[in-house]
Each structure stands twice: as structure tokens, then as C-alpha cells.
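Have a look at the structure below before the remarks.
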Amino acid sequence: MRPVVLQRLAAPSRVLPLFLLLAGCSALDLGAKPAARGVNYAVLINGGGRPRINFQSHLTHVRGFVEILETYGVDRENIVIFSGDGSDPGADLATREVNEEEDFWLLTKRAQQVLRPQIEYVDSKVEGYELQPAKRDTIERWFTDNARKFQPGDTLFFYVTDHGEINKDDLTDNTIVLWKETMSVSELREIFSRLPSGLRTVMLMSQCFSGSFASLAMGGRDVCGYFASSADRPAYGCYPENRGVDGVGHSHHFLNGLDELGTLQRAQDHVLVFDDSPDVPHVSSDVYLRRLLQDQAGERNFEDVVDEHLAIAWRDRGKWESDIRLLDRIGQAYGVFSPRSLAELRKQTEVLPKVSKQLSTYADRWNEALDSVRQQNLNSFLEQNEEWAERLSPTELKESTPTERTELASELLRQLAPFARADAARMARMELLRQRADDAGAAAYRMEVRLGVLLRMHNLLTSIAGRVYLEESATDWQRQEYDRLYECENLELVAVDAEASTWSLFASPEPAREDIADPEPFPRLDDDQKLVETVMPAWMGIRYRPPTEEQQEREKRKPGAVTVMTVYPESAAGKAGLRVGDVILGPPDAPFEEPNQVREWTMQREIGEPAPLRVKRDDEVLELTLLPDPFPIEMPKLPGPPKKGSAAPKLDLEPYRGKATLSSSKPTLLFFWATWCGPCKFALPELLETARRENLDVIAITDENAETLDKFFEKFDEPFPKRVARDPLRQAFQQYGVSGTPTFVLIDTAGVVQYYETGYNAKVGLKLP
């Protein structure tokens, strides 16, 4: 194995743009040996946290980086890996095989969770290395034991591929997740402070909120770094799969770029173009330049100050050609325009999160509709194949192994898929819903990525402005500090052939590639914005309840004939004349057959186009005309709880036992409850004692049907309020803003609310006035 040196490139001239300097290293004499060959060290950390979140992808990145370091000749004895529980043979790594069943999507969401390949836990291993536990004391001990080995001119890689946690109280002191503990910026600063002078430490951090650690590079020591994202943003690329889910996130793309191109700065450029996740990769010198401009801005608007410096830069665009080309490449890759000022970015930076949320909401709604149809398909299959109902029962599945579940899924799909395709109409419905959900979900994610891309461009433009500031206004010390950071970051892997007494820039016999084809571009942003109209579901504006089996039998109702429980204010349903209690039968020529078919039917209507709908009101069948609205991103607000001192909403209840009206002779305590509600039952003794002591009437109100109440009171032999009422349409629940059970509302004889409380705590009790 050839010895290797991580060669420092020449310090940059302050007047030349950063990315031009990357290619122009005239101070480097390629015909002579380097003056010093520093021994290189690498500290690789995958803390993992705990087995459940210690994902395979992290260890894959560690192995990939080790392979690169070894390819360039770094001695194994100089590479240390802190991963999970270290060499402990216990299983500490979460792995999962990729699901390769083509028809797996036909299963309901719940069935997919049960039958997909399950996470299995194995022992972390990297061939040829004894892993060390990722604990603070172990890491500190390694630095203490090895500090004497470091010599001036040596370079230490400090690589983290792991989870990170945000410190919301201090974004400059976020943490790296280690094994069942964390390490903060301040704790790592203490370790670095004990390193010998002249040792260059280059951080490469891919964990969430990693930008916080850029502050370690601001202390004047020879420390710098590359970071997956800013201090306030997560990073992407964590997954437990063994194979098939590659190519995600900062570490993957940075290591690919480093392997292909040989220098950290070229790898950084590669990441900015190729990392198709919402990451915002940046370097320590970016952070330093931003701080300089923030200090200069003072009370002024920061973006205005940056744009003023950019205006100076664009007086000589040829000087910044490399930067402009990089901006253009990023824009082309992600379907956005290439900006020349922060003002140009501002509008899209504000719009993208809203559009992403909109598309995510649509994707969720389409997936919900799809899952309802899949459930009906599965129910029909199980009715005709009773043996499968037994095999898929919770008891059977609980006793099966992960491997047995995977085999069970394959066997099930071999029968379920032909069954589904035999019903061409239902299959067409599922395929359409799936396509809408996939289109909306993919576009929503692209919007997230684009927001990250715009923030990358924001950093690049700020960096250009910062370098203009260095030329125009900076002090000598500020320029020297930037030169220090730039030189530290400008690290090039250099393999040395000791026998031939010659050396080359790269270990590979081929030169570094600078002509890697750009990734397949995203659709243009305006095309994705047009897609919003295609995937936007229509909305009626109701809540509904499917009929129970008893209602279907008694009232001769189809499963799809749902009861309207809520009509949202100013909704299409309200404008069409729908009322609470109406039973929706379906369009005149196609009555709804399935419990949630009304939702699917509504979502596929043309927005604003008339859609006839038959409803049953009491004993009369009416035909209403619906003009569907666009689906709202946030649901209209329904009435909240009545305030103390306000008039009590009108009660319209069905008596189950006793009267269901407010008393005129003494206060009434409304007790909203449910037969399944444990806290409701715990509250009964105090509730009844309070009613006796304070001379209150109590009405116990539930939305459950009479049959359920009959069964409950057959078995429940504890004291209970004498008056019990039903609210089958949940009108009282809504008018009183009941968000949970139990809820207690005290109304005086004048019909005024005197007390309102949700929940029950025996230690606190009922605090009636």
C-alpha cells in the first residue's frame, strides 16, 4: 500500500473568485515531491443512538469512506471507527431487506406494515477493523492517547455520519448522537482544544443540524469543515435497508464526489448539484463570510447588503464565471431559474413551503381514498377465501417470524393480485388513486428539495458577496482568517509512490473526472406548479359516518349510504343544501356501494362543475346539485368550547334513559362520555357525589348507538347517572366543542355556562365553582 499525503493547495489570492482558484493551483509544483509528508489520521463516527435507529445506511457510509481512505493509502492503524456499541457482539444495527413484490401496493397500509420485510438487528462490523464504542469517554481517550503522534503538517479527518439533535435554546451548541448519549459542539471544542498546534482538522459531517459545528472552525485554530445542512435543518439519507435504497443524502453524494474527483472542494460542488434531497450542504468558509456580512449589515437588511456586493461582482462577470456556471448547473438540475441576487430568490423561498404542504395534503387524501378501496378489495377477497382470514388474523401473525411474514406476503399476493385485476372497474379506481397519490407525493418532495436548493443558491450568492467584501472592505486579519479556512478546506488526496520517487495528485492512474454528466433534471418548477391543478382533489365539506351493520339491515341501506354528521360553514355541501342527518345515497345513476366511496367520488369531481347527488332526508329522497370546492389545506374551524359566562348552546338529544333536556329548577351538569372511556368510569364516584352535594341534575351524553348502550348497562353494575342521552349526529359534541371524553359542562338555571373541563385527574378532581 502506498503512503499518502493529504496535500494542502496553495493559499488563495484574495481577489480571485473561490471556484476559479479551485482549478488554478499554480503554486503547486507537480514535478517535485511535496516538502512534507504528513501522516494522515481519520476518526469516523456512527453513534447510532440505540439499535432501533442505528440504521444500515450509516454503516454503509462508514465502509465507503474507509474504502476511499484505503484506496488513497491511509494506513489502517491510523483509522479509528466509533460505531454503536463497538466490538460488543450484541446486535446493535437495524437492517431490512428491500421489498421487491411488484403488487405489494395492493395491500392496505396496515397490511403493508405487518407483512413488509421487518427490521432485523445484527452486529455492526467493518472488515479489518475493531470497532470502538461510540461513547464520549472512549472518543476522548483516543484523542488523549494519540495526541503525541500528531505532528505539525499532519491532517486529521473527523467524519460523522449519524443522527444529530438540535439545541433549540442555542443553535451554536447542537449535538451528535452517540451510543445512548450525545456529544455537543462545546464538548467537541474541548477535545479539539487539546490537539497540538499545526495539526489540520477537517470535519465532514452529515448528521442533522450539523451546521452548528461550523463554529468550531471560527476560533483561529487549523480547523474547518463540510456540513450536510445548517444548524436549524435536518439532513436526509437515513434508512435501514440493506440494498436497493442507495444514493440518498449528503454522505452518499459527497463520498461519490470525493472518490471521483479527488478533492473536498470538487466533492462539495458535486454534492450541490447531485444531492437530490432537501440538504443544504455548505462549508465553514461560507459561514465565516456570512458572519462578516452580518456584522457589516448591522441594523440594515442583510439581503440588501448581500445584493449590493453582488452588484459589484457582476460588473465583471467573467471573473466569476465558475460560480455562475455552478449556479446554472444547480438550477438546470432542479428545474429552477439561476439567480443573481437574493431578491430573486425571496419570492420562491416563501412560496415553495406552501406549495409543498399543499401537495403533501393532497397526497395524503388520495392515499386515504386508495386505502379505502384496497380495504374493500381485501374484504371481498377474504369473504371468498376464508382460509386467508385465519392466516391473516392478529394471533397467527403475532406468532410468525419476519421471514415467515415475508413468505406469507408473497403467497397472498399471488392470489390477491389476480383477484383484484378480475374486477376491472375496481382495479381502475385503485390505479387512478395510486397515480394521483404518487404524483402529488413526488411533486411535494420535489418542492422540499427545491427549497433546499434555493438555500444552497442563497449560500453561494452570499459567498460571492463575502469575497467581494474581502476585496473591498475587509481588514488584514479578516482576509488572513478567510485564507486560513480556505486553505484548510482545500484538501486534495495525494497518493505517493515511494519506490518510484514520483508522486501524483490522485491514487488512481486516471485523472480526476471533471466532466461527470449532471443528474437527470427535475421537471421545471412551473410544470410542477401546474401539476397542482391536476392532483388537486375536490371537496364537499362534510363529515360523515358509514352505517352500522344493524342500520344496513334495519333501514335497507347500502354500505355506501353515509349519514352527514357535520356540514362545514360556507362549504359546497352547505351551499347545495345538505344538512346534518341527511343520508347521502350517491349520484342518481350509481349509488355508493362502499363505506367511503362518497369521499373518492367527491375528490374526482371537476372543481366548480355541477354534480347531482341524491340524499334521503327523513322519508323523502331529494336530488341536490353540488358545486365542489378545491380541497382546503387546513380544515375550516368548527365551534370551540363555550366560554364561562356565555349562553349554553341548544341541546337536541335523543333520550335513552330519563329526560334529555336541561332542568329549569336546578343547575345541570353535562357529562360527555363513552362506554370504552376508562377515565369516564374513574370519574363516576366523584361526579355522583358532587351532584348529590351540590343538588345538580346530570345528563350523561354519548354518541354511541342504543345497542351498544344496552350491552354496556347489562354488565356495568356500578352507580351511574339516572339520565342518559344519545347524540347520534354528534351535534351536541360539536356545539359544545368536545375534543375528548370525559368532558364536564355546568349550566345554571338561566342557561349560562359556569364551568367547562375536559379530562379527569383523580388527584385534582372536579373543581366546580
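For region 400-491, the helices (runs of 4 or more DSSP H) that sit wholly inside it and include 1 or more residues that are free of Cβ contacts under 8 Å to residues at least 24 places away in the same chain and closer than 29 Å to VAL114 by Cα are 402-422, 424-472.
When each of PRO632, PRO642, PRO588 is tested for being open to solvent by less than 80 Å² (accessible area, probe 1.4 Å) and closer than 28 Å to THR708 by Cβ, the lone residue that passes is PRO642.
Select the helices (runs of 4 or more DSSP H) contained entirely in region 541-645, then report the ones holding at least 1 residues which are closer than 26 Å to PHE733 by Cα and in contact with a Leu (Cβ under 7 Å, 6 or more places away or on another chain).
572-576
With a requirement of 2 or more residues that are open to solvent by less than 50 Å² (accessible area, probe 1.4 Å), over 26 Å from GLN478 (Cβ atoms) and touching a strand residue (DSSP E or B) at 6+ places or on another chain (Cβ under 7 Å), the strands (runs of 3 or more DSSP E) lying completely within region 141-249 that satisfy it span 155-160, 175-177, 182-184.
Remark: pairs (first residue in region 216-227, more than 11 Å from ARG484 (Cβ to Cβ) and without any contact (Cβ under 8 Å) to a residue 24 or more places away in the chain; second residue buried (at least 19 other Cβ atoms within 10 Å of the Cβ) and aromatic (Phe, Trp, Tyr); Cβ separation under 6 Å; 6+ apart in sequence or on different chains) are absent. Checked against the criteria, VAL287 counts as open to solvent by 20 Å² or more (accessible area, probe 1.4 Å), touching a strand residue (DSSP E or B) at 6+ places or on another chain (Cβ under 9 Å), of a type in the set (A, V, I, L, M, F, W, C) and assigned to a helix (DSSP H, G or I).
Report yes if some residue within region 534-542 is over 20 Å from TRP366 (Cα atoms) and open to solvent by 20 Å² or more (accessible area, probe 1.4 Å); otherwise report no. The answer is no, given that none of the residues of region 534-542 is over 20 Å from TRP366 (Cα atoms) and open to solvent by 20 Å² or more (accessible area, probe 1.4 Å).
Of all residues in region 565-576, those being open to solvent by less than 30 Å² (accessible area, probe 1.4 Å) and free of Cβ contacts under 8 Å to residues at least 60 places away in the same chain number 3. Within region 730-759, the set of residues being in contact (Cβ under 8 Å) with a residue 40 or more places away in the chain, open to solvent by 20 Å² or more (accessible area, probe 1.4 Å) and either in contact with an Asp or Glu (Cβ under 8 Å, 6 or more places away or on another chain) or of a type in the set (Asp, Glu) (or both) comprises ARG730, GLN731, ASP748, GLN754. Is it the case that LYS711 is farther than 26 Å from ILE542 by Cα, outside any helix (DSSP H, G or I) and open to solvent by 30 Å² or more (accessible area, probe 1.4 Å)? Answer is no for this residue.
So, VAL114, is that one open to solvent by 20 Å² or more (accessible area, probe 1.4 Å) and either at pLDDT 90 or above or under 22 Å from the mean Cα position of the chain (by Cα) (or both) or not? Yes: the conditions hold for VAL114.
Contact map, region 316-345: residues that are more than 20 Å from ASP276 (Cα to Cα) and assigned to a loop (DSSP other than H, G, I, E, B) paired with residues that are at pLDDT 95 or above and open to solvent by less than 50 Å² (accessible area, probe 1.4 Å), Cβ distance under 6 Å, separation 6+ or inter-chain. Pairs shown: SER341/ASP307; SER341/LEU310.
Considering every residue within region 714-726, establish whether at least one is within 26 Å of ASP582 (Cβ to Cβ), open to solvent by 30 Å² or more (accessible area, probe 1.4 Å) and not in a helix (DSSP H, G or I). For region 714-726, residues within 26 Å of ASP582 (Cβ to Cβ), open to solvent by 30 Å² or more (accessible area, probe 1.4 Å) and not in a helix (DSSP H, G or I): present.
Starting from region 51-72, take each residue that is under 20 Å from ILE176 (Cα atoms) and list its partners that are among the aromatic types (Phe, Trp, Tyr) and at pLDDT below 90, counting only C-beta distances under 9 angstrom and pairs at least six apart or across chains. Matching pairs, first to second residue: PHE55/TYR239; GLN56/TYR239; SER57/TYR239.
The values are calculated or read from the model by the stated rules, or taken from the named source; none is laboratory data. What you see is a predicted model, and the numbers here were worked out from it, not measured in a lab. With ideal geometry, Cβ positions are generated from the backbone for all residues, glycine too; neighbour counts draw on all protein chains shown. We work out accessible area using only protein heavy atoms, side chains counted, and drop any ligands, DNA or RNA first. Shrake-Rupley method; radii C 1.70, N 1.55, O 1.52, S 1.80 Å.
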